[in-house]
Amino acid sequence: MSRFLLPISNIFHHSCLYLVRALAFGAFALALSFPTCGATTEMARPAIRFGVTPAIVHDQYGILDLWRAYLERKLQRRVEFVSRDSYRDTIDLIKEKKLDFAWVSTYPYVYLEYRHYARLLATPLYRGRPYYRAYFIVPSSDTQSTSLLQLEGKVFAYADLYSNTGYLVPRYFIHQAGKDENRFFSKTFFTWSHRKVVMAVAEGLADGGSIDSFVWDTLAVIQPDLTKNTRIIGKSEEFGFPPIVVNSAVSKRDASAMRNALIDMVNDPEGQALLRQLNIDGFIAGTPKLYANVARLQRAFGER
Amino acid sequence: MRLFDLSFSVKLPVLGAVLIIISALGVSSTQMIATYAALKEDLRVNSETLSRALAPTLLQDMLHDDLWHAFETVSAPTRKPPGSTQAKAETLLVVDKALNIFVSSHPRTAPVLVALSSLGRDYAALGEQITQAPRKDAYTVELPASNHLYVLTPIADDQVRFGTLIIVIDKNLFLPRFYAIAGYGLLAALLVLILLLPINWHWGRRMALPLTQLTERMGEIGKRLPASLDPELYNYGDELGRLFSVYNQMLAELHTRAEMEKQIIQSERLAALGQLAASMAHEINNPLGGMLTAIDTLKCHTALDPQTRKTIDLIERGLSQIKETVGALLVEARLKSRHLNSQDIEDMLTLIMPQAHKKNLHVELYNGLNAELNVPATLIRQILINLLLNAVEATLPQGTIDCYITPENGVLYMRVTNDGKLPSHEQITHLFEPFFSLNDGGHGLGLWVTYQIVNQLGGKIMATRESELMKFTLEIPIEASA
């Protein structure tokens, strides 16, 4: 796969819940306001550039700004959040060493790790575990289907060409069943967001879709009207949760400082509040083994 | 009863009300029809504008096969904008060249990839229209027996047509707005009605009331003379106002004529009575004279025993009484008499004053005579004394008698007025008849004699009652001096 990449977790790619541009400008403006207040030598150093894609939680800008301020205090360094709307851009920024850290989806992580552009820094814990999976959903009006394989010849919604759970996983599932994943559905389309996959299926535009379990579970809480019009007919195996990566060019000292800051979040009330708002339970160091099965999927399509 | 037989007092207000209601409804419904047409045209124009705006975006989506973006594009106009009660369109569909659905705003009813013709009769007809008569710009199709308008817009670049955008609009989409506007219209019409109907009702009654009264009064003519109409009831110069004054004029003339007829009848009756009395008096007087002479002869030339003499005297007194009575009936005004002068009038007053004083009456005299008049003094004195004594008799103590005498326009005008005991209108018509007396004492010949004298003098006498006064008016012609 030649165009291979993605910014931070695909989980967080939900246009109607975030303000991409506002966030980018906001983060940039805040970052600019800090150089003057750096009293220590650490603060005098160039700002850490942290790549993010908007998260699913409401009031995105406020959370990310609080998180950025939190990290600045912990690291005693200026932190700049860089938000990009497309996976491709984030990957390119890492390749060009314009980002020191980034929260990316599993698929781009594997890509970046394999090519040594970046390393795994930390893995979020969701419901206490560093895993997520794909849900295969159909409209709730479809009461018959019990498996993705029954949707042959139907219209199917993918999230993103570079999404693991929103593209790679369902195609692998079909592939494993001995079908041609390129001709299995009569028509497929991309919504460029997991949340919009739910909308497309709920509205009946698509007869089925594949979606990140973290997104669906969160939507089921914050927007139950949307998810109640869909029904889960299958769940994939578990994959490592979209991780935080560190650019290969970042020093080990800086990397471990960031990792410690993230892992320590769970230990103070302010960090806990931020984690609650991000709808995760904390960070662990993680290991590339968590993502081995993603790599396997990619290999299956000869994309590695 | 037919509608037009109804009274004007009902008909005028009702007809007015009907006309006002028809006008109000007419204006309102014209306005509603115009509004309906304008709203429908607005809807068509808006929808075609919308479709022209969407077509280029949808062309890009078709070229890139971006179904999701196309869906977002077509579903936006079907959602109600904030603060609005209705969406711009009911459904939007995009069909490809093969007339299969590329995307629709309502995938449940119009799923992706299905044939347009499978969606129903209307859509099949639209499909035929698209293939048989393709057009370069947006246009609106109205199918028979359909509740929808369909705006068809080609999705094409300069050369190639990729598909067609179909915007489905509920024809009744603007009905809420229409109802709102119509509601205001009706409210205005209702206010006008509330304002105009009472005015109309009042005006109608106002017009009809004089007519009704006029009709009632006219209906009485023939049976009796109706009362006149109050001119204030309708004092305008139009036909109705003129009808009013003509009616009152006619009524006045009728009254005058009736009065004249009454007087003619009365004088004719009195004349007939006079003639009869005179003839009878002559017929009685002749044998009576003979009988009296015979008795006188008998008394003078025959010795009569006391019994017979007593009888003869009785007969003589009876005959004398007959003679007096008949003589009283037979008024002979052809006596030679001197001319009347002012002193004659004063004398008459002097004669009645003792009696007037007894009742403490107030007597007023206007004596307009300043020279002798060529009217017989004896007869006038007799007339005056009769009238004045009657007045004294009728007036209650402390009452007033007014006597007015003056020559004017060749007649001697006399008027005697008194208050007190007044005869009824019925009695007045018989006042001048012989033996008609209002009090027990009188013989009932005074006014008869007066009337006969006046009549023989060629004059007029009238007895009228005016409010609480009894009035005798006389006019005696003054003969030209010899």
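The values are calculated or read from the model by the stated rules, or taken from the named source; none is laboratory data. Model, not experiment: these values are computed from the prediction. For neighbour counting, all protein chains shown are included, and Cβ atoms are generated from backbone atoms with ideal geometry for every residue, glycine included.
Among the residues of segment B:277-335, how many are free of Cβ contacts under 8 Å to residues at least 40 places away in the same chain and outside any helix (DSSP H, G or I)?
5
Cβ-Cβ distance below 7 Å, separation of 6 or more or different chains: which pairs start in segment A:153-178 with a residue that is within 19 Å of B:Phe71 (Cα to Cα) and end on one that is in a helix (DSSP H, G or I) and among the small types (Gly, Ala, Ser)?
Sorted first by the residue in segment A:153-178, then by its partner, the pairs are A:Ala157/A:Ala200; A:Tyr158/A:Gly166; A:Ala159/A:Gly166; A:Asp160/A:Gly166.
State all residues of segment A:199-215 that are buried (at least 24 other Cβ atoms within 10 Å of the Cβ) and more than 12 Å from chain B (Cβ to nearest Cβ); if no residue qualifies, say none.
Once the filter is applied, which keeps residues that are buried (at least 24 other Cβ atoms within 10 Å of the Cβ) and more than 12 Å from chain B (Cβ to nearest Cβ), segment A:199-215 yields A:Gly208, A:Ser210, A:Ile211, A:Asp212, A:Phe214, A:Val215.
Restricting the search to segment B:208-239, which residues are touching a helix residue (DSSP H, G or I) at 6+ places or on another chain (Cβ under 8 Å) and under 20 Å from B:Asp5 (Cα atoms)?
Within segment B:208-239, B:Ala208, B:Leu209, B:Pro210, B:Leu211, B:Thr212, B:Gln213, B:Leu214, B:Arg217, B:Met218 qualify.
Would you mind telling me which numbered condition in (1) within 14 Å of chain A (Cβ to nearest Cβ); (2) crowded, with 16+ Cβ neighbours inside 10 Å; (3) not aromatic (Phe, Trp, Tyr) B:Arg79 fails?
Going through (1) within 14 Å of chain A (Cβ to nearest Cβ); (2) crowded, with 16+ Cβ neighbours inside 10 Å; (3) not aromatic (Phe, Trp, Tyr) one by one, B:Arg79 breaks only (2).
Of everything in segment B:94-115, what is β-branched (Val, Ile, Thr), crowded, with 19+ Cβ neighbours inside 10 Å and in a loop (DSSP other than H, G, I, E, B)? Give them in sequence order.
B:Val112, the sole residue that qualifies.
Taking segment B:92-113, which residues are under 12 Å from B:Leu59 (Cα atoms), of a type outside the set (D, E, K, R) and more than 10 Å from chain A (Cβ to nearest Cβ)?
Once the filter is applied, which keeps residues that are under 12 Å from B:Leu59 (Cα atoms), of a type outside the set (D, E, K, R) and more than 10 Å from chain A (Cβ to nearest Cβ), segment B:92-113 yields B:Val94, B:Val95.
Can you name the condition, by its number, that B:Gly442 falls short on among (1) surrounded by 14 or more Cβ atoms within 10 Å (Cβ to Cβ); (2) modelled with pLDDT of 85 or more?
Here B:Gly442 clears every test but (2).
Quickly run through segment A:262-296 and pick out the residues that are small (Gly, Ala, Ser), in contact with a strand residue (DSSP E or B) (Cβ under 9 Å, 6 or more places away or on another chain), part of a helix (DSSP H, G or I) and surrounded by 14 or more Cβ atoms within 10 Å (Cβ to Cβ).
Within segment A:262-296, A:Gly271 is the sole residue that qualifies.
Could you tell me whether segment B:89-112 includes any residue that is farther than 14 Å from B:Ile155 by Cα, touching a Lys or Arg at 6+ places or on another chain (Cβ under 6 Å) and in contact (Cβ under 8 Å) with a residue 60 or more places away in the chain?
Looking for residues that are farther than 14 Å from B:Ile155 by Cα, touching a Lys or Arg at 6+ places or on another chain (Cβ under 6 Å) and in contact (Cβ under 8 Å) with a residue 60 or more places away in the chain, one finds none in segment B:89-112, hence no.
I need a count of the residues in segment B:107-143 that are in contact with a helix residue (DSSP H, G or I) (Cβ under 7 Å, 6 or more places away or on another chain) and among the aromatic types (Phe, Trp, Tyr).
Number satisfying all stated conditions: 1.
Okay, residues lined up against (1) more than 14 Å from chain B (Cβ to nearest Cβ); (2) in a strand (DSSP E or B):
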| site | (1), (2) |
| --- | --- |
| A:Phe136 | yes, yes |
| A:Asp142 | no, no |
| A:Tyr162 | yes, no |
| A:Thr165 | yes, no |
| A:Phe185 | no, no |
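Among the numbered criteria (1) farther than 28 Å from B:Ser337 by Cβ; (2) over 45 Å from the mean Cα position of the chain (by Cα), which single criterion is violated by B:Ile428?
Looking at each condition in turn, B:Ile428 falls short on (2).
Quick one: in segment B:156-173, which of the residues that are within 23 Å of B:Leu143 (Cβ to Cβ) and modelled with pLDDT of 90 or more is surrounded by the fewest Cβ atoms within 10 Å (Cβ to Cβ)?
The selected residue is B:Val168.
Counting only residues that are crowded, with 23+ Cβ neighbours inside 10 Å, out of contact with any helix residue (DSSP H, G or I) (no Cβ under 7 Å at 6 or more places or on another chain) and either more than 10 Å from chain B (Cβ to nearest Cβ) or within 25 Å of A:Asp89 (Cβ to Cβ) (or both), how many does segment A:146-160 have?
2
Restricted to segment A:59-100, and to residues that are in a strand (DSSP E or B) and over 21 Å from A:Gln272 (Cα atoms), which residue is modelled with the lowest pLDDT?
Selected residue: A:Ser83.
Looking at this structure, is A:Thr230 within 14 Å of chain B (Cβ to nearest Cβ) and either surrounded by fewer than 24 Cβ atoms within 10 Å (Cβ to Cβ) or touching a His at 6+ places or on another chain (Cβ under 9 Å) (or both)?
The answer is no for A:Thr230.
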